[in-house]
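A.B. asks: Here it is, the structure in full.
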Amino acid sequence: MEYCTLTPVSGAIKRTLKQELHPLSARPPASSGPEPNDIFNRLKWSVLDSPSDIQVFGLDDEGVLQWRPLTEESSKSQLDETAMDPPKSRLEITIEPLQSWWHWHDSDTKHLRPAQLLIENADGQPISVWQFIQAVHGYALPLRKLLLRCMDVTDPSNQQRARFFFDMITGGSAGEVSGQQGFAVNVVEDPAGDGEKCAWIWENVETRVKKQSASQ
């Protein structure tokens with residue numbers, strides 16, 4: 001079985017062959033595993049676009065809640081925070097709904113399902129928010145055609161402009177390498193690429209963050 005590893009120094013993703021898989025049976029309850037950093041609940045993130053284009057909803061320098069670039073100086077410190085709580089130096093990631101696409105249930109195609117993404121720091125350092133984002137972006141890029149197919153983006157005029165926006169991180173299938181709980185990056189298709197179909201995601205983000213801010 002092939003799996004992908006992020007090289008911490010270069011940021012490159014390398015592929016390795018894994019001969020023996022751990023069982024994919026039992027999955028621990030979501031509450032027993034690590035929780036994603038709260039910043040993932042406040043992102044406007046198209047996983048195929050450059051990570052530098054990501055926006056985060058939060059307070060600006062004047063204390064006003066608004067969307068601003070994630071790489072802006074005021075939010076850079078958040079990028080260095082751990083992606084998971086408690087911190088993890090190794091994570092196995094899939095992209096939904098690609099991972100659970102009915103297409104893979106066919107005996108002729110199931111062996112073609114993309115390998116999980118393994119993000120691992122060999123030195124044991126925790127995986128950061130920025131490292132997680134960069135790794136998912138690098139993993140998703142070569143899967144574009146499969147994402148278009150599995151999400152039924154068939155209109156030729158949308159083939160080039162379609163985008164896939166991040167929705168949330170959830171517990172996924174067991175990791176192919178460790179057998180521990182994996183995580184799924186859930187995405188929503190935006191065929192026209194203008195963000196209109198995914199506006200409800202960001203409206204929910206704004207409503208939730210505003211309520212949290214008002215209660216503090």
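A.B. asks: Failed condition for SER178, given (1) open to solvent by less than 50 Å² (accessible area, probe 1.4 Å); (2) part of a helix (DSSP H, G or I), with all others met?
C.D. replies: Failing condition for SER178: (2).
A.B. asks: ASN204 fails exactly one of the following numbered conditions: (1) free of Cβ contacts under 8 Å to residues at least 40 places away in the same chain; (2) open to solvent by less than 70 Å² (accessible area, probe 1.4 Å); (3) out of contact with any strand residue (DSSP E or B) (no Cβ under 9 Å at 6 or more places or on another chain); (4) closer than 27 Å to ASP80 by Cβ. What is the number of that condition?
C.D. replies: It is condition (2) that ASN204 fails.
A.B. asks: Mind checking which residues of region 139-175 are open to solvent by 40 Å² or more (accessible area, probe 1.4 Å), over 17 Å from ARG113 (Cβ atoms) and outside any strand (DSSP E or B)?
C.D. replies: Once the filter is applied, which keeps residues that are open to solvent by 40 Å² or more (accessible area, probe 1.4 Å), over 17 Å from ARG113 (Cβ atoms) and outside any strand (DSSP E or B), region 139-175 yields LEU141, ASP152, THR154, ASP155, PRO156, SER157, GLN159, GLN160, ARG161.
A.B. asks: Determine, yes or no, whether LEU48 is touching a His at 6+ places or on another chain (Cβ under 8 Å), in contact (Cβ under 8 Å) with a residue 24 or more places away in the chain, under 30 Å from LYS145 (Cα atoms) and not polar (S, T, N, Q).
C.D. replies: Taking the combined requirement at face value, the residue satisfies it.
A.B. asks: Determine if region 78-91 includes at least one residue that is under 12 Å from the mean Cα position of the chain (by Cα) and either at pLDDT 95 or above or not in a helix (DSSP H, G or I) (or both). Working first, answer last.
C.D. replies: The initial filter retains those residues of region 78-91 that are under 12 Å from the mean Cα position of the chain (by Cα), namely 83, 91.
Narrowing the set further to residues that are either at pLDDT 95 or above or not in a helix (DSSP H, G or I) (or both) leaves 83, 91.
Within region 78-91, one or more residues are under 12 Å from the mean Cα position of the chain (by Cα) and either at pLDDT 95 or above or not in a helix (DSSP H, G or I) (or both).
A.B. asks: While we're here: Is it the case that VAL187 is in contact (Cβ under 8 Å) with a residue 60 or more places away in the chain, out of contact with any Gly (no Cβ under 9 Å at 6 or more places or on another chain), open to solvent by less than 50 Å² (accessible area, probe 1.4 Å) and within 16 Å of LYS44 (Cβ to Cβ)?
C.D. replies: yes
Rundown of residues vs (1) over 22 Å from ALA140 (Cβ atoms); (2) among the polar types (S, T, N, Q), yes/no style:
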| residue | (1), (2) |
| --- | --- |
| VAL56 | no, no |
| ASP61 | yes, no |
| LEU70 | no, no |
| THR82 | no, yes |
| ASP85 | yes, no |
| ARG90 | no, no |
| PRO97 | no, no |
| TRP102 | no, no |
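The values are calculated or read from the model by the stated rules, or taken from the named source; none is laboratory data. Since this is a predicted model, take the numbers as computed values, not measurements. For neighbour counting, all protein chains shown are included, and Cβ atoms are generated from backbone atoms with ideal geometry for every residue, glycine included. Remember, those area values only see protein heavy atoms, side chains included, never the ligands or the DNA or RNA. Shrake-Rupley method; radii C 1.70, N 1.55, O 1.52, S 1.80 Å.
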